[in-house]
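Quick notes on the structure that follows.
The values are calculated or read from the model by the stated rules, or taken from the named source; none is laboratory data. Computed from a prediction, not measured in an experiment: that's the story for all the values here. Cβ coordinates were reconstructed from backbone atoms using ideal geometry, including for glycine residues, and neighbour counts include every protein chain displayed.
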Ligand code: ATP
Ligand code: MG
Ligand code: FE
């Protein structure tokens, strides 16, 4: 089954084709970062309009790359939520219209389920694909969640952030030290040059039981350290390193706790912060010590992309699930309300 996936929940237009027989066939991404940079954040109306401009050319480009035409498609998947309502409606409108015209089924995918399943999208030649039950750490720009994945589609929330998401904390911290929007990846790059231990920030909420997070206080600690410093490039790098170490260690401590609580050996990590090199190394070390494993998507598929939506949609369409003809989106949507679906065989 060949499924076109469309992602337009925020500021990335992503398109991909996933084939349940042969795996990922093609994918293309257009990021609106430059468009929103001068405002220092995503402007919803500009995001919707830009999706309108970019989506159909990207669909054509992806099909060309896959060596396919629209008549080869057996289904269409699109992000139905959570996300910006106008941006979501662009993807949903195009996806539903194409499916209607081609007389194939379409399905609305939960964006965070897309992220969560991204580590399963491509085979790991050494260890194979992770199989439920496992614990998922979702660390993106809008979410920081620990989820017990009992089966694909059966998600139990173990803990989440009470304030800022991990990616949001990276972005805000970068901004207050004068890095351009969106600063998360740049802050991480800067941390590579910083010395460990020069600045030591708190590991929030690790001194008490529980699986929730809080990252907003960390930002304030960084602000104070930055204001009191000489604001040199070297200090900025040292602070970045101290901040990154604090976030990485906090996430690792909570992941280990979540694995204990759920009685699992396998951890999967998804969302933009999952691209962070130090986080990847640290979680690999932690899970190995426990005799388990961790899986990540390739860095490119940690942040928003069409491939994860094509894959998540293909799982559900192949199981016979699909929506009706209405163009409907769900800007706020609880992942625990999803229905389970059997995993696919390896292509
Ligand atoms: P959500 O999925 O919750 O709606 P989103 O889609 O905006 O949010 P993603 O695209 O998954 O989030 O991830 C973007 C976030 O990842 C940004 O906050 C960015 O700063 C962060 N990020 C990307 N690369 C890195 C990195 N190497 N280190 C730390 N953070 C990173
Ligand atoms: Mg984005
Ligand atoms: Fe996302």
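Key figures
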{"item": "Elements of type strands (runs of 3 or more DSSP E) in the range 81-177, at least 2 residues being over 28 Å from residue 40 (Cα atoms), within 16 Å of ligand 2 (Cβ to nearest atom) and at pLDDT 95 or above", "result": "none"}
{"item": "Subset tally (residues that are more than 10 Å from ligand 1 (Cβ to nearest atom), under 17 Å from residue 220 (Cβ atoms) and touching a residue at least 60 places away in the same chain (Cβ under 8 Å)) for the range 173-187", "result": "2"}
{"item": "Residue list for the range 98-113, filter: without any contact (Cβ under 8 Å) to a residue 40 or more places away in the chain and surrounded by fewer than 22 Cβ atoms within 10 Å (Cβ to Cβ)", "result": "101, 102, 103, 104"}
{"item": "Scope the range 54-79; condition within 16 Å of residue 308 (Cα to Cα) and either in contact with a helix residue (DSSP H, G or I) (Cβ under 6 Å, 6 or more places away or on another chain) or assigned to a loop (DSSP other than H, G, I, E, B) (or both); matching residues", "result": "75, 76, 77, 78, 79"}
{"item": "The range 6-24, residues that are outside any strand (DSSP E or B) and either within 15 Å of ligand 1 (Cβ to nearest atom) or surrounded by 20 or more Cβ atoms within 10 Å (Cβ to Cβ) (or both)", "result": "8, 9, 10, 11"}
{"item": "Options 336, 326; residue that is in contact (Cβ under 8 Å) with a residue 12 or more places away in the chain, in a loop (DSSP other than H, G, I, E, B) and away from ligand 2 (no atom under 16 Å from the Cβ)", "result": "326"}
{"item": "Unmet requirement for residue 77, which otherwise passes all of (1) more than 16 Å from ligand 3 (Cβ to nearest atom); (2) at pLDDT 95 or above", "result": "(1)"}
{"item": "Every residue from the range 280-322 that is outside any helix (DSSP H, G or I) and either over 21 Å from the mean Cα position of the chain (by Cα) or within 16 Å of ligand 2 (Cβ to nearest atom) (or both)", "result": "290, 291, 292, 297, 302, 303, 304, 305, 319, 320, 321, 322"}
{"item": "Candidate set: the range 25-56, residues that are more than 16 Å from ligand 3 (Cβ to nearest atom) and buried (at least 20 other Cβ atoms within 10 Å of the Cβ); chosen: the one farthest from residue 88 (Cα to Cα)", "result": "25"}
